[in-house]
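These notes are about the structure you will find just below.
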Amino acid sequence: MLNLPTTEERLGKSPQRLVRYFVLLMALVYLGLGVWLWWTANTASSGSIIQLGPIARRVLGTMFILYGLLRFGRGYQTHFRKKPFSDNE
């Protein structure tokens, strides 16, 4: 079996530091996409790959906004909240 160094050994630090910001960035991308779909729901979408009506754009935008909020909340809770102190350890 190959004895390859781990990512932490190669980089000298944990990749989790980068992952925490990527998770929040992707949550903001979902939020932005949802807001954009809501904002442009009444404009004509000719020339796009998938043509959606105003109601479908608002429903899809709402789903993206909710998903983005959920991802942001869970990402913040997982990566940025301080762990409670435990006497057992």
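Restricting attention to the stretch 23-53, the residues that are surrounded by 16 or more Cβ atoms within 10 Å (Cβ to Cβ) and among the β-branched types (V, I, T) add up to 1.
Scan the stretch 1-37 for residues that are at pLDDT below 80 and either touching a helix residue (DSSP H, G or I) at 6+ places or on another chain (Cβ under 9 Å) or not aliphatic (A, V, I, L, M) (or both) and the total you get is 12. Checking each residue in the stretch 38-89 for being modelled with pLDDT of 85 or more and among the aromatic types (F, W, Y) picks out W38, W39, F64, Y67, F72, Y76.
Touching a residue at least 24 places away in the same chain (Cβ under 8 Å) and either over 30 Å from T6 (Cβ atoms) or assigned to a helix (DSSP H, G or I) (or both): which single residue out of V19, V59 fits that description? Only one candidate qualifies: V19.
The values are calculated or read from the model by the stated rules, or taken from the named source; none is laboratory data. Keep in mind that what you see is a predicted model, and the values were worked out from it rather than measured. Neighbour counts run over all protein chains shown; Cβ positions are idealised from the backbone, glycine included.
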